[in-house]
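Participant: Got a structure here, written out as structure tokens. Questions coming.
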Amino acid sequence: MNPLRTVCLMACLLAASVMANPQSRSNSLNGVDQPSNWVSPREIEELPSLKQVTLNKLQEMSLEEGASLLDKLYHLSQFNGVFKPEYKPEPSQVRGYIVGENGQKIQFNLNNFVQTVKRQQNFGDDEVTIFIQGLPQQSSQVQKATRKLVQAYQQRYNLQPYPGTDSDSSSSEEQQQRRKQNDDQDDTKTGDLIVIQLGDAIENFEQYATLDIERIGEIIGNRLVELTNTVNVPQEIIHLIGSGPAAHVAGVAGRQFTRQTGHKLRRITALDPSKIYGKPEEKLTGLARGDADFVDAIHTSAYGMGTSERLANVDFYPNGPATGVPGAENVVEAAMRATRYFAESVRPGNERNFPSVAASSYKEYKQNKGYGKRAYMGIATDFDLEGDYMLQVNSKSPFGRSTPAQTQSGYHAVHQPWRQSSSQASHRQ
């Protein structure tokens, strides 16, 4: 029998005996039902083994089927600590690349990451974006979302000639207009992009669910400390982005950076942050507001691969907290939409494609009962935002429902330029 099933069956039997004896119950602030209240031993027996659950299998399921399976696995994992954070990929296993000025990929692993950065001319002269990929690229949907994000930053940072047509993201007229914008811009590099391919070190759901977020996050955090100390990259220009479980890794990395330096990274963005299946005992883990000067999150699979929990200074819920978003046919595609939305906002001229308003529920939003000023999800999110924001999105690209804004030259053209004010440095924590 699958060890997970054995443990869960025992857990259900124990829970049943507890439920039969009201005096033995303990109050729970979380209000989480015991497993015996919502899943039967027969359903547990029918669960696949963890190694049988792959991205391809989840993509073959409907959105509802995939979400139901993950929901059962998650709730069972929270009862009696079925999953332990025991999967610890070695730094040499976690590979990545720097996108060069001509669009080439300069490979590294976490052991030689800083040494590789040192060899790059003019690295960190402007902004530095580090994207931590949280799911393996064996999935075509993960590949596509990552490619779109990289291409968007290549265009934004002038890291290559205009990449040509992108038929699924814009019309021919829009493509010609953006080519003209690109031709009119100075071709000087305006930023650096690093991709850490953590997801490619995850082979199956067992490794996904038992990933030691704390350990890998601390390793990346220590590398960022080296980056600021030995390469002289100011932390004020570092934007850390994580998708899925890597969103929580980014949070831990930010905290580790602060512990080691006394300063905070400028921004952490979470793209459909995942549920945490394997949690360390007696220790909080994962992403939280405060892990950087500003933390924002986009939830596109809140009841699927993601979480509905509010984790950041501002949490965006396209079409409200749900299993997925319009056009997503399975939980993997739904999770990757957060990356696709953010990528769309990164492209020059699209910074304000995703207007949103604060609302306590999607119903309230639909009834035009949102409150406060309009905000923009994506690269142009204002750093003074707080709370939950709702918006509607299209089922196909372009996903944003707003017309393109005027082209802005870079990330710090949207926010407060780090060089413009020395007062920020004196207020860093």
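Participant: Using the 2.2 N^0.38 Å rule of thumb for compact globular proteins, work out how the stretch 49-142 stacks up: its C-alpha Rg over that value, please.
Facilitator: Scaled against compact globular proteins, the figure is 1.51.
Participant: With a probe of 1.4 Å, find how much accessible area the stretch 214-257 has per residue, and write the answer as a whole number in Å².
Facilitator: 21 Å²
Participant: Considering only protein heavy atoms and a 1.4 Å probe, what is the carbon-and-sulfur percentage of the accessible area of the stretch 355-403?
Facilitator: Here it works out to 43 percent.
Participant: If you don't mind, another one. Rounded to whole Å and sorted largest first, what semi-axes of the equivalent ellipsoid does the C-alpha gyration tensor of the stretch 211-322 yield via the square root of 5 times each eigenvalue?
Facilitator: Over the Cα atoms of the stretch 211-322, the semi-axes work out to 24, 16, 10 Å.
Participant: Which links in K283/K366; K105/K144; K118/K189; K57/K144 stretch past 28 Å when you go from one Cα to the other?
Facilitator: Long pairs (Cα-Cα over 28 Å): K283/K366.
Participant: Hey, what's the Kirkwood Rh for the stretch 273-321 if you take every pair of different alpha carbons, in angstrom?
Facilitator: Averaging 1/r across every pair of different Cα atoms and inverting gives 11.6 Å.
Participant: Shifting gears a bit: Return the sequence-ordered ³J(HN,Hα) values of the stretch 46-53 in whole Hz as given by the Karplus equation 6.51 cos²θ - 1.76 cosθ + 1.60 applied to θ = phi - 60°, using x for Gly and Pro.
Facilitator: Karplus-based 3J(HN,Hα) across the stretch 46-53 equals 7, 5, x, 5, 4, 6, 7, 8 Hz.
Participant: Let me ask another. Where nothing but the Cβ of Lys and Arg (+1) and of Asp and Glu (-1) is charged, how large is the charge dipole of the stretch 225-288 around its Cα centre, in debye to the nearest 20?
Facilitator: In debye, rounded to 20, the stretch 225-288 gives about 120.
Participant: Using a Förster distance of 45 angstrom, determine the FRET efficiency expected from the C-beta separation of E65 and K118, and round it to 0.05.
Facilitator: 0.40
The values are calculated or read from the model by the stated rules, or taken from the named source; none is laboratory data. Since we're looking at a predicted model, the values are computed, not measured. In this analysis, Cβ positions are derived from the backbone assuming ideal geometry, glycine residues included, and neighbour counts consider all displayed protein chains. SASA here: full protein model, heavy atoms, side chains in, ligands and nucleic acids out. Shrake-Rupley method; radii C 1.70, N 1.55, O 1.52, S 1.80 Å.
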